[in-house]
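None of the figures in this text is laboratory data; all of them are computed from the coordinates on show. The structure displayed is predicted, hence computed values, not measured ones. No Cβ is skipped: glycine too gets one built from the backbone with ideal geometry, and neighbour counts run over all protein chains shown.
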Amino acid sequence: MDLKLDQEKIEYVVRHSLVEDIGRGDITTQLTIPKDKEVVAKILVKEDCVVCGIEVAERVFKTINSEIIFKTLAKDGQKIKAGKPILRISGKAASILSSERVALNLLTMLSGIATKTREYVEQIEPYKTKISDTRKTLPGLRDLQKYAVRVGGGYNHRMGLDEMILIKDNHIKVTEGYEKLPSVPKGFKIEIETQNLEEFKHALRFKPDVIMLDNMGLEDIKEAVKIRNNTEFKSHHPPTQLEASGGIGLNNVKRIAAAGVDIISIGELTDSVKSIDMSLEIF
């Protein structure tokens, strides 16, 4: 799995976040902290978590002051216990204080996503089903949030509308149903959203790459898997994958995976996840 981050995207997010936070200048730090004062600080996690965003945090501090010395005490994807330090930062106190909030905002959010994703992945470990994110991301932060999903052991659905063809319920309503699929450009996959078994059977006739089972009950999901697995459709290679989506949480994700779907997509991973509690302490 690719755990690399696009450096230009990191730069974009970091610079815009610093402009938003600092504005015309960190007035408090300018008035209270001597320019040449140097300190050592650590970032501590205050609850058990999967760490994510170390490289992003480093970019924040070094964007403010390239001479800051940055020592990593943990790496992305590592489980850390509450109370443990993950970063050691040394250098000009003013630079560290002006960087603190943006670095923590990004670290805590990304670690929250990675931690929640890992919870889902561990719930379904006996099965081959993949935990996937959705496009329910915070504007401007999609690449970072989807990176955190990968760090947590999950997979990315399409990054944007230009990546694959996904025929959803509103497309079908506007076109008043469909009797043939659009001509698919080379290199693009096609997915069809369905909300009941009748729609599923209709979609399966077209042998798309993926069929989404949107907000379907467990018994209907099991029936869809059974239909997809029958002899008639086994001749389709690669076979249509089934994606369960909607109404899925930690309380029922294992049962959905056990039903035999290939993908479970969960908006909660990125749209409402709780940030991990962390703090920057000067020693």
Handout entry: Which of VAL121, GLY260, ALA41, positive extreme of dipole for the chain (C-beta unit charges)
Key = ALA41
Problem - Inter-part distance where the range 64-109 and the range 245-274 are each reduced to a Cα centre, Å - result: 32 Å
Exercise for the section: Return a whole-number percent for the relative contact order of the range 1-160, with Cα pairs under 8 Å and 6 or more residues apart as the contact set. Expected result: 27 percent
Practice task
Sort the range 126-271 into rounded, prolate or oblate with this rule: let a ≥ b ≥ c be the square roots of the eigenvalues of the Cα gyration tensor; rounded if a/c is under 1.5, and if a/c is not under 1.5, prolate when a/b is larger than b/c, oblate otherwise.
Solution key: oblate
Exercise for the section: Report the residue, chosen from PHE61, PHE70, PHE188, that carries the largest GNM mean-square fluctuation when the chain is represented by alpha-carbon nodes joined by springs under 10 Å. Expected result: PHE188
Fill in the blank from the handout: To the nearest 20 debye, the range 126-271 has a Cα-centred charge dipole, built from +1 on Lys and Arg Cβ and -1 on Asp and Glu Cβ, of 480 debye
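Given the chain, what percent of its DSSP beta bridges are antiparallel, to the nearest 5? Let's see the in-between values first.
Working: 18 of 37 bridges.
About 50 percent, rounded to the nearest 5.
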Problem - Cα-based reach from LYS254 at 17 Å (exclusive), listing lysines while leaving out same-chain residues under 8 positions away - result: LYS116, LYS128, LYS130, LYS222
Fill in the blank from the handout: Listed residues LEU250, LEU269, LEU110; largest mean-square fluctuation, Gaussian network over the chain with Cα springs below 10 Å, found at LEU250
Exercise for the section: Just order 254-264, 168-178 by mean Cβ neighbour count inside 10 Å, highest at the front, would you? Expected result: 254-264, 168-178
Practice task
Compute the long axis of helix 93-123 from its Cα atoms, compare it with the longest principal axis of the Cα atoms of the chain, and write down the angle in degrees, 0 to 90, nearest 10.
Solution key: 30 degrees
Practice task
For the pairs LYS42/LYS274; LYS46/LYS79; LYS4/LYS84, note any where the Cα-Cα span goes beyond 19 Å.
Solution key: LYS42/LYS274; LYS4/LYS84
Problem - For the chain: relative contact order, % (alpha-carbon pairs under 8 angstrom, 6 or more apart) - result: 23 percent
Problem - Tilt relative to the chain, helix 7-22 - C-alpha long axis, 0 to 90 degrees, to 10 - result: 60 degrees
Exercise for the section: State the answer as a single residue: which of GLN241, MET109, LEU5 lies farthest towards the positive end of the charge dipole of the chain, with beta carbon charges of +1 for Lys and Arg and -1 for Asp and Glu, about the Cα centre. Expected result: LEU5
Handout entry: Whole-Å distance, taken between Cα centres, linking the range 1-43 and the range 111-146
Key = 26 Å
Problem - Nearest-ten-degree value, helix 218-228 long axis tilted from longest Cα axis of the chain - result: 60 degrees
Practice task
Evaluate the charge dipole of the chain about its Cα centre and quote only its size in Debye, nearest 20, assuming +1 on the Cβ of each Lys and Arg and -1 on the Cβ of each Asp and Glu.
Solution key: 620 debye
